[in-house]
1. How long are the three semi-axes of the equivalent ellipsoid of segment 1-127, in whole Å, if each is the root of 5 times an eigenvalue of the C-alpha gyration tensor, listed from largest down?
2. Under a Cβ-Cβ cut-off of 13 Å, what is the net charge of the residues other than Asp143 that fall near it, where Lys and Arg count +1 and Asp and Glu count -1?
3. Mind giving me the nanometre distance, one decimal, between the label points for Lys18 and Lys97, set 7 Å out from Cα along Cα→Cβ?
4. Checking the cross-link filter: which aspartates and glutamates have an alpha carbon closer than 13 Å to that of Lys160, excluding same-chain neighbours under 8 positions apart?
5. Can you tell me the 0 to 90 degree angle between the C-alpha axis of helix 169-178 and the longest principal axis of the chain, rounded to 10?
6. I'd like the carbon and sulfur percentage of the solvent accessible area for segment 84-183, probe radius 1.4 Å, heavy atoms only, ligands and nucleic acids excluded.
7. Count the net charge of all other residues whose Cβ sits under 13 Å from the Cβ of Ala128, scoring Lys and Arg as +1 and Asp and Glu as -1.
8. Karplus couplings for segment 27-36 from phi (6.51 cos²θ - 1.76 cosθ + 1.60, θ = phi - 60°), rounded to Hz, Gly and Pro as x?
Amino acid sequence: MGNSKSGALSKEILDDLKMNTKYSEEELFKWYESFKKQCPDGKISRTEFEKIYTNFFPNSDPKTYARHVFRSFDTNDDGTLDFREYIIALHLTSSGKTSLKLEWAFSLFDVDRNGEVSKVEVLEIITAIFKMIPPEEQKNLPDDENTPQKRADKLWAYFKKKDNDKIAEGEFIQGVMINDDIMRLIQYDPKK
(Lines give C-alpha, C1' and ligand atoms only; values in the text may rest on other atoms or scores of the structure.)
Protein backbone atom coordinates (compact mmCIF):
# COMPACT_ATOMS: atom_id res chain seq x y z
CA MET A 1 0.00 0.00 0.00
CA GLY A 2 2.89 2.40 0.55
CA ASN A 3 2.92 5.95 1.81
CA SER A 4 1.75 7.52 -1.44
CA LYS A 5 -1.78 6.31 -0.80
CA SER A 6 -1.81 7.29 2.87
CA GLY A 7 -1.00 10.96 2.40
CA ALA A 8 -0.31 12.31 5.87
CA LEU A 9 -1.52 9.20 7.70
CA SER A 10 1.58 8.07 9.56
CA LYS A 11 2.59 4.44 9.84
CA GLU A 12 2.47 4.70 13.65
CA ILE A 13 -1.16 5.90 13.67
CA LEU A 14 -2.12 3.36 11.01
CA ASP A 15 -0.54 0.49 12.98
CA ASP A 16 -2.12 1.70 16.23
CA LEU A 17 -5.60 1.90 14.67
CA LYS A 18 -5.27 -1.49 12.97
CA MET A 19 -4.36 -3.02 16.32
CA ASN A 20 -7.02 -1.21 18.40
CA THR A 21 -10.03 -1.26 16.05
CA LYS A 22 -11.70 -3.76 13.74
CA TYR A 23 -10.85 -1.66 10.66
CA SER A 24 -8.53 -2.91 7.92
CA GLU A 25 -5.74 -0.82 6.42
CA GLU A 26 -7.85 -0.22 3.32
CA GLU A 27 -10.84 0.93 5.40
CA LEU A 28 -8.63 3.24 7.45
CA PHE A 29 -7.25 4.84 4.28
CA LYS A 30 -10.81 5.43 3.02
CA TRP A 31 -11.87 6.90 6.39
CA TYR A 32 -8.78 9.11 6.36
CA GLU A 33 -9.49 10.45 2.86
CA SER A 34 -13.05 11.25 3.87
CA PHE A 35 -11.89 12.82 7.15
CA LYS A 36 -9.36 15.04 5.33
CA LYS A 37 -12.07 16.22 2.91
CA GLN A 38 -14.38 17.13 5.79
CA CYS A 39 -11.57 18.50 7.99
CA PRO A 40 -8.67 19.72 5.82
CA ASP A 41 -6.74 20.86 8.89
CA GLY A 42 -6.97 17.34 10.34
CA LYS A 43 -9.10 18.26 13.36
CA ILE A 44 -12.79 18.41 14.31
CA SER A 45 -13.75 21.23 16.66
CA ARG A 46 -16.35 20.83 19.38
CA THR A 47 -18.71 23.11 17.43
CA GLU A 48 -18.37 20.97 14.28
CA PHE A 49 -18.93 17.84 16.37
CA GLU A 50 -22.11 19.36 17.86
CA LYS A 51 -23.37 20.11 14.33
CA ILE A 52 -22.89 16.45 13.38
CA TYR A 53 -25.00 15.39 16.37
CA THR A 54 -27.67 17.95 15.48
CA ASN A 55 -28.02 16.24 12.07
CA PHE A 56 -28.62 12.89 13.78
CA PHE A 57 -31.19 14.29 16.24
CA PRO A 58 -33.09 16.97 14.29
CA ASN A 59 -36.17 16.87 16.57
CA SER A 60 -34.35 17.47 19.84
CA ASP A 61 -31.40 19.27 21.46
CA PRO A 62 -28.29 17.05 21.46
CA LYS A 63 -25.72 19.86 22.01
CA THR A 64 -25.10 19.24 25.72
CA TYR A 65 -24.78 15.50 25.21
CA ALA A 66 -22.51 16.04 22.17
CA ARG A 67 -20.30 18.27 24.34
CA HIS A 68 -19.90 15.45 26.88
CA VAL A 69 -19.27 12.85 24.17
CA PHE A 70 -16.67 15.15 22.63
CA ARG A 71 -14.95 15.59 26.03
CA SER A 72 -14.81 11.82 26.51
CA PHE A 73 -13.11 11.31 23.13
CA ASP A 74 -10.73 14.29 23.29
CA THR A 75 -8.14 12.16 25.05
CA ASN A 76 -5.30 14.65 24.70
CA ASP A 77 -7.53 17.50 25.95
CA ASP A 78 -6.65 19.89 23.12
CA GLY A 79 -10.24 20.91 22.31
CA THR A 80 -10.31 19.04 19.00
CA LEU A 81 -10.60 15.48 17.73
CA ASP A 82 -7.80 14.35 15.45
CA PHE A 83 -8.14 11.40 13.07
CA ARG A 84 -6.98 8.84 15.65
CA GLU A 85 -9.45 10.07 18.31
CA TYR A 86 -12.21 10.17 15.69
CA ILE A 87 -11.63 6.57 14.54
CA ILE A 88 -11.39 5.26 18.11
CA ALA A 89 -14.68 7.05 18.86
CA LEU A 90 -16.30 5.59 15.76
CA HIS A 91 -15.07 2.10 16.61
CA LEU A 92 -16.16 2.24 20.26
CA THR A 93 -19.63 3.57 19.58
CA SER A 94 -20.44 1.47 16.53
CA SER A 95 -18.68 -1.84 16.82
CA GLY A 96 -16.50 -2.08 19.88
CA LYS A 97 -16.77 -4.88 22.42
CA THR A 98 -19.33 -4.34 25.18
CA SER A 99 -16.61 -3.95 27.80
CA LEU A 100 -14.92 -1.21 25.73
CA LYS A 101 -18.23 0.55 25.17
CA LEU A 102 -18.80 0.47 28.92
CA GLU A 103 -15.32 1.87 29.59
CA TRP A 104 -16.25 4.70 27.26
CA ALA A 105 -19.65 5.12 28.97
CA PHE A 106 -17.86 5.39 32.30
CA SER A 107 -15.58 8.11 30.90
CA LEU A 108 -18.67 9.91 29.62
CA PHE A 109 -20.26 9.88 33.09
CA ASP A 110 -16.96 10.76 34.83
CA VAL A 111 -17.41 14.43 34.00
CA ASP A 112 -14.59 15.70 36.24
CA ARG A 113 -12.25 12.84 35.18
CA ASN A 114 -11.37 11.86 38.75
CA GLY A 115 -11.88 8.13 38.18
CA GLU A 116 -15.22 7.95 39.99
CA VAL A 117 -18.81 8.80 39.12
CA SER A 118 -20.97 10.77 41.53
CA LYS A 119 -24.74 11.07 41.55
CA VAL A 120 -24.36 14.72 40.48
CA GLU A 121 -22.42 13.57 37.39
CA VAL A 122 -25.05 10.91 36.64
CA LEU A 123 -27.76 13.57 36.79
CA GLU A 124 -25.73 15.87 34.51
CA ILE A 125 -25.36 13.22 31.79
CA ILE A 126 -28.93 11.94 32.11
CA THR A 127 -30.18 15.53 31.82
CA ALA A 128 -28.16 15.85 28.58
CA ILE A 129 -29.61 12.54 27.33
CA PHE A 130 -33.14 13.76 28.13
CA LYS A 131 -32.64 16.80 25.90
CA MET A 132 -32.23 14.39 22.99
CA ILE A 133 -35.51 12.57 23.67
CA PRO A 134 -38.34 14.25 21.74
CA PRO A 135 -41.17 15.49 24.02
CA GLU A 136 -43.69 13.02 22.53
CA GLU A 137 -41.40 10.12 23.50
CA GLN A 138 -40.83 11.54 27.00
CA LYS A 139 -44.59 11.36 27.60
CA ASN A 140 -44.43 7.57 27.15
CA LEU A 141 -41.67 6.95 29.69
CA PRO A 142 -42.54 5.05 32.91
CA ASP A 143 -43.52 7.28 35.85
CA ASP A 144 -40.38 6.39 37.81
CA GLU A 145 -38.06 7.60 35.03
CA ASN A 146 -39.93 10.36 33.19
CA THR A 147 -37.65 13.15 34.46
CA PRO A 148 -33.85 13.32 34.60
CA GLN A 149 -33.94 13.36 38.41
CA LYS A 150 -36.19 10.28 38.64
CA ARG A 151 -34.04 8.43 36.13
CA ALA A 152 -30.83 9.35 37.99
CA ASP A 153 -32.43 8.26 41.29
CA LYS A 154 -33.47 4.94 39.74
CA LEU A 155 -30.00 4.34 38.31
CA TRP A 156 -28.35 5.21 41.62
CA ALA A 157 -30.71 2.86 43.47
CA TYR A 158 -29.62 -0.05 41.22
CA PHE A 159 -26.09 0.47 42.52
CA LYS A 160 -27.40 0.63 46.13
CA LYS A 161 -25.57 3.91 46.74
CA LYS A 162 -26.24 6.80 49.09
CA ASP A 163 -26.44 10.27 47.55
CA ASN A 164 -22.82 11.19 48.41
CA ASP A 165 -21.29 7.82 47.44
CA LYS A 166 -19.23 7.29 44.29
CA ILE A 167 -19.01 4.48 41.73
CA ALA A 168 -15.62 3.25 40.50
CA GLU A 169 -15.12 2.14 36.89
CA GLY A 170 -15.06 -1.61 37.59
CA GLU A 171 -18.21 -1.40 39.69
CA PHE A 172 -19.94 0.65 36.98
CA ILE A 173 -19.03 -1.80 34.22
CA GLN A 174 -19.99 -4.85 36.28
CA GLY A 175 -23.30 -3.28 37.32
CA VAL A 176 -24.28 -2.45 33.76
CA MET A 177 -23.23 -5.86 32.44
CA ILE A 178 -25.40 -7.75 34.93
CA ASN A 179 -28.43 -5.47 34.70
CA ASP A 180 -30.07 -4.61 31.36
CA ASP A 181 -32.17 -1.92 33.06
CA ILE A 182 -29.02 0.05 33.93
CA MET A 183 -27.88 -0.17 30.29
CA ARG A 184 -31.25 1.16 29.18
CA LEU A 185 -31.12 4.02 31.69
CA ILE A 186 -27.67 5.28 30.61
CA GLN A 187 -28.51 5.70 26.94
CA TYR A 188 -31.11 6.95 24.52
CA ASP A 189 -32.11 4.61 21.72
CA PRO A 190 -34.16 6.68 19.24
CA LYS A 191 -37.42 5.15 18.07
CA LYS A 192 -37.17 4.19 14.42
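1. Working: eigenvalues 154, 58, 32 Å².
After scaling each eigenvalue by five and taking roots: 28, 17, 13 Å.
2. Once all neighbours under 13 Å are counted, the net charge is +1.
3. According to this spin-label approximation, the distance is 2.1 nm.
4. Correct list for Lys160: Glu171.
5. It works out to around 70 degrees.
6. 52 percent
7. Around Ala128, the surrounding residues sum to +1.
8. Ordered by residue, 3J(HN,Hα) equals 4, 5, 5, 5, 4, 5, 4, 5, 4, 5 Hz.
The values are calculated or read from the model by the stated rules, or taken from the named source; none is laboratory data. Given the structure is predicted, the values throughout are model-derived calculations rather than measurements. Here Cβ is always computed from backbone atoms with ideal geometry, including for glycine, and neighbour counts include all displayed protein chains. For the accessible areas, the whole protein counts, side chains as well, though only heavy atoms, and no ligand, DNA or RNA atoms are used. Shrake-Rupley method; radii C 1.70, N 1.55, O 1.52, S 1.80 Å.
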